[in-house]
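Peer 1: The structure is given below, and queries will be raised subsequently.
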Amino acid sequence: MNKKANKKTIIMLLPLLLSGMAGMANSNEISIFPGQVEQEVKFGADIKLTLKGVDEGNTEKIMDRFVELGMDTVRVPIYATRDITDPFYDRVYRVSDIAEDKGLKLFASVANGDGDLNGNLHGEVKFSDDLKCISGCNNNIYRLNFGLYSTYLDTYLQNMELNDASVSYLGPYNEDQADNDDYRKLWDKMNNSNYSRVGAEFWGLERSVEATPDLLDQLDVVGSHFYDDIRIAPEDYDSTWADLTDAASGAPVWFTESTRYQVDSSEMTNTRSGIEHMIPAIRGGAERVFIYQTVNRLFWYNGGKRAYRFSATKQFTSNATGNVVDSSSDDLAIKTVSFIDNNQLKINITNGDTSAKVTTIYLEGDYSASGSGEQALWTESVEGELTNITFNGGSCWTMTIPANSYLQLNVPVQSGQTSQTCEQI
């Protein structure tokens, strides 16, 4: 069985495993396959609708925080409601220059807002009437005049360059139903092509799966949002992201708006939910994840860290080095994703249940854990508690995952030696 098929099998086994666990609500199993290596994953920040606060805040410190989180790209706004000569754009150029000076790449994406007074401009209203045809153009999305819109974007890119900032990635639509012709006509009229083309950034993942094959010849990067997690069955999250990876046919897949950090008054619940929103995309093949409105969600405009959210997310993102390895969990309340880098296995686990879970972890495929490791733990009462662990050559261990928690295990692994005796850690 090839790697992609094997990965899909692991994902699809989940409902079967769940049915076999009836009556064992507080116990579950995680299987990890260190030898089944998948993609590398990078992370990015988003400041499209918060850029004014970033500009007026401690901009240097904010960019330092992004770097501290292990991010390499910043998603910056194109305010298509504004004239390209609007002085408000000076904020975009100034912030982008500082970001690039910190070594961060720029991903320019059209914003669903004007960056100031109106942060809720979706669909057609986010494009100025000055960019639309007075008559005709009925086959163009929103009746956009692609000659005018291409000139607008070319000028935006030129202005960035004049302010010592260079856009690496460009997304001209965002949560819009743009089709192949809408992209092709726009790209054909643009003079500047020194960037990677990102799209379509649909609101929902299922729409991305459906539409991506028709858009592939117009895109370099397939980006999607995941707001339809409210209607996709949780047991189908992983497989739907894997479907998008398949539809992309080798083009990189990005999760361009990961956002579930503001769902509850509990900081621990916010933290866990935010991390859990990223996990299916990574398990399904995404190569880059952008945390939506990173400033305010994880830290403040002055650079001050938010409790739980910043420390736990930093643990997750900055340790996501090396490659994803395949894994499975037989309990929907237990989410997991693992990375391997130079025989160091980083196992991320969340428990969304109100009860603790006794969890047995298996290393599959002739692997064992041996040597000194570490656990980092976040619960309602503990933020980032570190515990040293000694692994004694086993391929299996049992541990208790606290209710409403996130933990990361750093496990030294080796191949060629296995022991099925389960240790208690």
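Peer 1: Looking for something at pLDDT 95 or above, in the same structural domain as Lys314 (by TED's automatic domain parsing), among the aliphatic types (A, V, I, L, M) and touching a Lys or Arg at 6+ places or on another chain (Cβ under 7 Å) - is there at least one such residue anywhere in the stretch 78-98?
Peer 2: Within the stretch 78-98, one or more residues are at pLDDT 95 or above, in the same structural domain as Lys314 (by TED's automatic domain parsing), among the aliphatic types (A, V, I, L, M) and touching a Lys or Arg at 6+ places or on another chain (Cβ under 7 Å).
Peer 1: Residues of the stretch 324-356 being surrounded by fewer than 21 Cβ atoms within 10 Å (Cβ to Cβ) and hydrophobic (A, V, I, L, M, F, W, C), which ones?
Peer 2: Scanning the stretch 324-356 gives Leu332, Ala333, Ile334, Ala356.
Peer 1: Only one residue in Ala281, Ala333 is under 30 Å from Val54 (Cα atoms) and either modelled with pLDDT of 95 or more or in the same structural domain as Phe107 (by TED's automatic domain parsing) (or both). Which one?
Peer 2: Ala281
Peer 1: Another question, then. Looking at this structure, is Asn194 under 24 Å from Thr73 (Cα atoms) and surrounded by 15 or more Cβ atoms within 10 Å (Cβ to Cβ)?
Peer 2: No.
Peer 1: So is Leu216 in contact with a helix residue (DSSP H, G or I) (Cβ under 6 Å, 6 or more places away or on another chain), aliphatic (A, V, I, L, M) and assigned to a helix (DSSP H, G or I) or not?
Peer 2: Considered against the rule, which asks whether it is in contact with a helix residue (DSSP H, G or I) (Cβ under 6 Å, 6 or more places away or on another chain), aliphatic (A, V, I, L, M) and assigned to a helix (DSSP H, G or I), Leu216 comes out as no.
Peer 1: Also, quick follow-up: Filtering the stretch 212-253 down to residues that are in contact (Cβ under 8 Å) with a residue 12 or more places away in the chain and of a type in the set (Val, Ile, Thr), which residue is farthest from Gly171 (Cα to Cα)?
Peer 2: Residue satisfying both the conditions and the ranking: Ile232.
Peer 1: Those residues that are in contact (Cβ under 8 Å) with a residue 40 or more places away in the chain, of a type in the set (S, T, N, Q), part of a strand (DSSP E or B) and within 22 Å of Asp353 (Cβ to Cβ), I need them from the stretch 385-425; list them, please.
Peer 2: Within the stretch 385-425, Thr398, Thr400, Ser405, Gln408 meet the criteria.
Peer 1: Let me ask something additional. If you check Asp154, Asp164, Asp130, Asp179, which single one turns out to be touching an Asp or Glu at 6+ places or on another chain (Cβ under 6 Å) and of a type in the set (Asp, Glu)?
Peer 2: Asp164
Peer 1: Is it fair to say Tyr367 is surrounded by fewer than 23 Cβ atoms within 10 Å (Cβ to Cβ), of a type in the set (Phe, Trp, Tyr) and more than 30 Å from Lys52 (Cα to Cα)?
Peer 2: no
Peer 1: I need the full set of residues from the stretch 67-85 which are in contact (Cβ under 8 Å) with a residue 40 or more places away in the chain and of a type in the set (Ser, Thr, Tyr), in order please.
Peer 2: Across the stretch 67-85, the qualifying residues are Thr73, Thr81.
Peer 1: If you check Ser239, Ser249, Ser208, Ser265, which single one turns out to be part of a loop (DSSP other than H, G, I, E, B) and farther than 30 Å from Gly384 by Cα? Full working, then the answer.
Peer 2: Values: Ser239 fails: part of a loop (DSSP other than H, G, I, E, B); Ser208 fails: part of a loop (DSSP other than H, G, I, E, B); Ser265 fails: farther than 30 Å from Gly384 by Cα.
From the options Ser239, Ser249, Ser208, Ser265, the qualifying one is Ser249.
Peer 1: Among residues belonging to the stretch 315-335 that are under 15 Å from the mean Cα position of the chain (by Cα) and β-branched (Val, Ile, Thr), point out the one that is farthest from Gln375 (Cα to Cα).
Peer 2: Val324
Peer 1: Mind listing whichever residues of the stretch 108-148 are assigned to a helix (DSSP H, G or I) and in contact (Cβ under 8 Å) with a residue 40 or more places away in the chain? I'd like the intermediate steps shown before the answer.
Peer 2: Filtering the stretch 108-148 for residues assigned to a helix (DSSP H, G or I) gives 123-126, 129-131, 141-143, 146-148.
Residues satisfying the conditions are Gly123, Val125, Lys126, Asp130, Leu131, Ile141, Phe146, Gly147.
Peer 1: Across the stretch 322-361, what is the total count of residues that are farther than 24 Å from Asp236 by Cβ, assigned to a strand (DSSP E or B) and among the hydroxyl-bearing types (Ser, Thr, Tyr)?
Peer 2: Adding up the residues that qualify gives 1.
Peer 1: Moving on. Using the structure shown, decide if Phe299 is in contact with a strand residue (DSSP E or B) (Cβ under 8 Å, 6 or more places away or on another chain), over 20 Å from Ile232 (Cα atoms) and not aliphatic (A, V, I, L, M). Steps first, please.
Peer 2: Working: in contact with a strand residue (DSSP E or B) (Cβ under 8 Å, 6 or more places away or on another chain): yes; over 20 Å from Ile232 (Cα atoms): yes; not aliphatic (A, V, I, L, M): yes.
Considered against the rule, which asks whether it is in contact with a strand residue (DSSP E or B) (Cβ under 8 Å, 6 or more places away or on another chain), over 20 Å from Ile232 (Cα atoms) and not aliphatic (A, V, I, L, M), Phe299 comes out as yes.
Peer 1: Across the stretch 161-182, what is the number of residues that are within 29 Å of the chain's Cα centre (by Cα), surrounded by fewer than 22 Cβ atoms within 10 Å (Cβ to Cβ) and either assigned to a helix (DSSP H, G or I) or outside the structural domain of Leu216 (by TED's automatic domain parsing) (or both)?
Peer 2: Qualifying residue count, the stretch 161-182: 3.
The values are calculated or read from the model by the stated rules, or taken from the named source; none is laboratory data. Here the structure is a predicted model, which means the values were calculated and not measured. Note: ideal-geometry Cβ built from the backbone for every residue, glycine included; neighbour counts use all protein chains shown.
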